[in-house]
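K.L.:
Shown below is the structure under consideration.
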Amino acid sequence: MSVQTQLEHWAASVGLRHVLAAEGLEGPQGQLAALLVGSVATGFCREGSDVDIALVCDPPTYARISRGKTWSQGRPSEARVGRQSLHYYAETFDQVLARAKMLDDACLYVYGTAKVLYDPEGLFGSVISPVIGGSGLRKERLEGKLDMLLRRTHALAGAAEQQAHALVLAKMSLEVICLALKVVALIDGVPFDPRKRLAETALVGPLGQVMAADVAELVQISSQWQPRNQAFIDRLRALGHTLSRSAAEAGFVVGLPSPDPRAQEQL
């Protein structure tokens, strides 16, 4: 039995029971779904990994179970159950949907790869899944990020021409590489982890496997930034053209009338 299978079984049989008891949910639990998230859900877990459980619920339930918690500050509750470390937190359905509609990459990855542990009313499947897995959201994300990639590539070329400070150029280089990785993943339709494993998750699709060497070369060149660094700019433009062509062939729009601020990288 794999480590992931063992931890999934523990989450469903032990972790879930501990979380529901700890939060005092002895009464009706119809407006609540419990989800396995994090490395155990995605398969990136190993021996000693934490088990992460997210509770998604209606506002009254959240108000009741969140008293004294630090969940709104992004800090989950922690517990040690036997030898296993358990992390858990809660959000309302509205909070998750709002973040999804803002094209929050972290939110879409967490809930797009989540596994349902408890959802008697099917709320996660009927409320959250259709939004985060819908073609409309993917279209918005891809077109917005591709547009921002092309705009930021142009801005980087201008900054290099003006011999901006190396730190500025390095930051801009990282931004465009991250955008390129996300565009590749969105064209392939694969989930990507924007925080810890961007390259590892974004390049698993067919286009990603083709583009992996080009992305690796960009990373290497950007780490040794030279004045103007025309080689990096040229390769980046070539990558942008390739991604634009691939997106257009898949039926997506290339070139928006105005930039979508939701596609701006936050580095």
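The values are calculated or read from the model by the stated rules, or taken from the named source; none is laboratory data. For clarity, every value in this text was computed on a predicted model and none was experimentally measured. Please note: Cβ atoms are built from the backbone with ideal geometry, for glycine as well, and neighbour counts cover all protein chains shown.
K.L.:
Assess whether Leu203 counts as being more than 22 Å from the chain's Cα centre (by Cα), among the aliphatic types (A, V, I, L, M) and assigned by TED's automatic domain parsing to the domain that holds Glu161. Quick ask: steps written out before the conclusion?
P.N.:
Working: more than 22 Å from the chain's Cα centre (by Cα): no; among the aliphatic types (A, V, I, L, M): yes; assigned by TED's automatic domain parsing to the domain that holds Glu161: yes.
Answer is no for this residue.
K.L.:
Out of the helices (runs of 4 or more DSSP H) lying entirely within the range 104-162, which hold 3 or more residues that are at pLDDT 95 or above, crowded, with 22+ Cβ neighbours inside 10 Å and not assigned by TED's automatic domain parsing to the domain that holds Ile53?
P.N.:
Details: elements: 105-112, 129-132, 135-161.
Per the criteria, 135-161.
K.L.:
Taking the criterion of being among the β-branched types (Val, Ile, Thr) and touching a Cys at 6+ places or on another chain (Cβ under 8 Å), would at least one residue in the range 106-113 satisfy it? Even if it seems obvious, please write down each step before you answer.
P.N.:
Taking the range 106-113 and keeping what is among the β-branched types (Val, Ile, Thr), we get 110, 113.
Filter once more, so that each one left must be touching a Cys at 6+ places or on another chain (Cβ under 8 Å): none.
No, the conditions are met nowhere in the range 106-113.
K.L.:
Quick one: which of Arg75, Arg80 is part of a strand (DSSP E or B) and either surrounded by fewer than 14 Cβ atoms within 10 Å (Cβ to Cβ) or of a type outside the set (Ser, Thr, Tyr) (or both)? Give the derivation first.
P.N.:
Details: Arg75 fails: part of a strand (DSSP E or B).
The match here is Arg80.
K.L.:
Here is a follow-up. Being among the polar types (S, T, N, Q), at negative phi, at pLDDT below 95 and assigned by TED's automatic domain parsing to the domain that holds Val19, is that true of even one residue in the range 50-64?
P.N.:
Taking the range 50-64 first, the residues among the polar types (S, T, N, Q) are 61.
The next check asks that each one be at negative phi; those that pass are 61.
Keeping just the survivors that are at pLDDT below 95 gives 61.
From what is left, the residues that are assigned by TED's automatic domain parsing to the domain that holds Val19 are 61.
Yes; the residues of the range 50-64 include at least one that is among the polar types (S, T, N, Q), at negative phi, at pLDDT below 95 and assigned by TED's automatic domain parsing to the domain that holds Val19.
K.L.:
Just one of (1) part of a helix (DSSP H, G or I); (2) over 25 Å from Gly255 (Cβ atoms); (3) in contact with a helix residue (DSSP H, G or I) (Cβ under 6 Å, 6 or more places away or on another chain); (4) of a type in the set (D, E, K, R) trips up Asp193, so point out which.
P.N.:
Unmet for Asp193, out of (1) part of a helix (DSSP H, G or I); (2) over 25 Å from Gly255 (Cβ atoms); (3) in contact with a helix residue (DSSP H, G or I) (Cβ under 6 Å, 6 or more places away or on another chain); (4) of a type in the set (D, E, K, R): (1).
K.L.:
Would you please name the residue that is surrounded by the most Cβ atoms within 10 Å (Cβ to Cβ), looking only at residues in the range 163-181 that are touching a residue at least 12 places away in the same chain (Cβ under 8 Å) and among the β-branched types (Val, Ile, Thr)?
P.N.:
Residues of the range 163-181 that are touching a residue at least 12 places away in the same chain (Cβ under 8 Å), as a first pass: 163, 166, 169-181.
From the residues that got through so far, the ones that are among the β-branched types (Val, Ile, Thr) too are 176-177.
Values: Val176: 25, Ile177: 21.
Ranking the qualifying residues of the range 163-181, first place goes to Val176.
K.L.:
What number of residues within the range 81-103 satisfy the criterion of being modelled with pLDDT of 95 or more and either outside the structural domain of Ala54 (by TED's automatic domain parsing) or on the phi > 0 side of the Ramachandran plot (or both)?
P.N.:
Residues that pass the stated criteria total 1.
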